[in-house]
Each structure stands twice: as structure tokens, then as C-alpha cells.
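Chemist: The structure that follows is given in the form of C-alpha cells.
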Amino acid sequence: MKIKINKELLNVIKVSGLSVVVACGSGGGGGKPIGVDTSSLNPKKVLGSEAEATSDQGGDPEDIESTDGESSGEQSQTPSDPSAPTEPGDQGSTSPDQPQGNGQGPGDANAPQAPGMPPKEPEVQKIFAKTGIRNFAQINATMSALTGVPTTNAQVAAFYTAQATSLPTDNDVKGFIGSHQVTIFKLAVEYCDVLVKDAALRATVFGTFNFAAAPNAAFTPDTKKALADSLVSKFWGKNLSNLSPHTENVTLVVTLIDDLLTGRDLTVATQTPGIVTGTCAGVLSSAPVTLY
């Protein structure tokens, strides 16, 4: 969706149910970034005072004009006092709705927000409010529930106790950093390793997959697809509105299996459990599991 504000465009992109505002100049600004401070945008000013915030659950892209008046370049330049000199960017009192002072006016070169936008709750804040990251305890409990491996398992518990502080401490998705994802993946490896080594548990996720066979026999086109389908269905869910089509997700996991097979000796049977563990950890540590 493109949102037009004083001849500048805000592109709102949607990635797996999480919308992100990307500012780009494409009009009166001459193609330069317009520098929107997303902590002070007003959704009703962006979408129009009479329009409601657009849902992030689909709908065709559209252009919505701001009702906040004309661009700063088109506002009256007549000063309120005819005898007073006219300064560039001085808009006088011609626009009562326009914020004045505190570095928020459109004439202030250091103003971080778009012209004419009052410091109100932004639309992006509403998006973030709908999306959260599971914290350390929730991630641990979720992985346990999905794999069937108890949180009290010695191998899992030892890793979790040592690394819990490297996992997200709260549910604020804006505080998520790269090191969190690294630790989430490592925790997923521990859960998947225990899962693959336990014949009874792995049967609930992988069915009749032959872990004793060498990779060149265990991973046929059909078994790779079945393995990927099982992991996606078990860990992500199937045919959910906030996910990509199930067949696309299965294809992505099959590609992951192929990547893990590359460069290995496919005649050694001991390679097979490791490939399954790696695939399992990749799916278990992904956004459909950690985000809500």
C-alpha cells in the first residue's frame, strides 16, 4: 500500500503478516528520504481523518491521500504582519492544525517527522502491538510442546540454564536482535537432537522415515517431501491465514534438506540423523514458532 503525504510516498510492505513502513521520497522531495519518525506518526493523519486504519490482513494495495492539507511548499507565504520580513520556512499562523515549536514544524530542517504530522501514536505502533516475540520461558515451553521433549530433559535443561539470558527477555518485537536468533537456533538444535535420538518421540514427528539408511537411500524426492510436510505441519501449522501457502513452505524445507545434503558423503548412514536434526532445528527456530 502506498500512502501519500504532502507529495511524498510512504510504502507499507507486508512480510508474513508483519507490516513495515519504508519511507522513500518520490515527489516534491526530489527523491530524497523524507525522514519519518515512526514514534510520532498519527494513523488518522496518515490515512485520512475519516478513514480507519487499514488492516494488515490482506486487501488490494491502494493510494490514500492525507487530509492534512496541502504540502508545506504550497501553503500561503503571506506573513500575519505585513511589516514583518518573510523568512524561508516561516508559515506564520496560516495553518492552525500545523504543529509549532519543539522542532516539530515543517520549517525545521532537523524535524524527524513528515510535514504537518502531529506527535501522536503511529500506525506502525499498532502493527507492533499485534505482533510479539516469545520470551525465553515461552520459547522453551513452545519447543518442548512441539517436539514432545520435556523441558526437564538433562541435555535441554543444561543448555537452557546456561543460555536463557541470551534469549529475548520480554515480548517486545522491536527489541529482538541477531544474537537472540542465534541462541534460539542453538536451543532448537538441542531439542531436535534429543527428538531424533529418541525412537518413540521421533515417530510422532517423522513417521516411518528410515534413520538407519544412508542419505542416498533415505532422502528420495518423496521422502524429502514427506519429511518437510511433517515438520511444517507439526511446527508451523497448515493452511493458516498468516502463513504462506503450505506447498510453498514445504518446498522451502525441501530446499533446506538439499542444501544440507550438499558436500556430504551420501553413502554414510550416520550422516542421516544429522541432516534431519539440522532440518528440524531450522524449522523449529523460525518466525512462525517464535512470533505470535
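Chemist: Using a probe of 1.4 angstrom, how much of the accessible area of the range 229-270 is carbon and sulfur, in percent?
Modeler: Its accessible area is 54 percent carbon and sulfur atoms.
Chemist: Next question, about the same structure. As a test of understanding, state the convex hull volume per residue of the range 250-292 from its alpha carbons, in Å³.
Modeler: Once divided by residue count, the hull of the range 250-292 is 63 Å³.
Chemist: So, one more: Once you have the Kirkwood Rh of the range 193-292 from its Cα pairs, apply Stokes-Einstein at 37 °C and 0.692 mPa s and quote D in µm²/s.
Modeler: In µm²/s, the coefficient is 239.
Chemist: What ³J(HN,Hα) values, in whole Hz, does the Karplus curve 6.51 cos²θ - 1.76 cosθ + 1.60 give for the range 162-176 when θ = phi - 60°, with x put for Gly and Pro?
Modeler: 6, 10, 4, 5, 8, 9, x, 8, 9, 9, 6, 5, 6, x, 6
Chemist: Continuing with the same structure: Between Asn210 and Asp258, what is the FRET efficiency for a Förster distance of 25 Å, r being their Cβ-Cβ separation, to the nearest 0.05?
Modeler: Efficiency for this residue pair is about 0.85.
Chemist: Now for a separate question. Assuming 0.36 nm per residue, please report the length gained on full extension of the stretch Asp265 to Gln163 beyond their Cα-Cα distance.
Modeler: Going from the current span to full extension adds 33.4 nm.
Chemist: Return one whole number: the accessible area per residue of the range 176-221 in Å², for a 1.4 Å probe.
Modeler: Accessible area per residue, the range 176-221: 47 Å².
Chemist: What does the accessible area per residue of the range 227-292 come to in Å², with a 1.4 Å probe and no ligands, DNA or RNA counted?
Modeler: Ligands and nucleic acids excluded, the figure is 46 Å² per residue.
The values are calculated or read from the model by the stated rules, or taken from the named source; none is laboratory data. What you see is a predicted model; the values in this text were computed from it and never measured. Note that we place each Cβ from the backbone using ideal geometry, even for glycine, and neighbour counts take in every protein chain shown. Remember, those area values only see protein heavy atoms, side chains included, never the ligands or the DNA or RNA. Shrake-Rupley method; radii C 1.70, N 1.55, O 1.52, S 1.80 Å.
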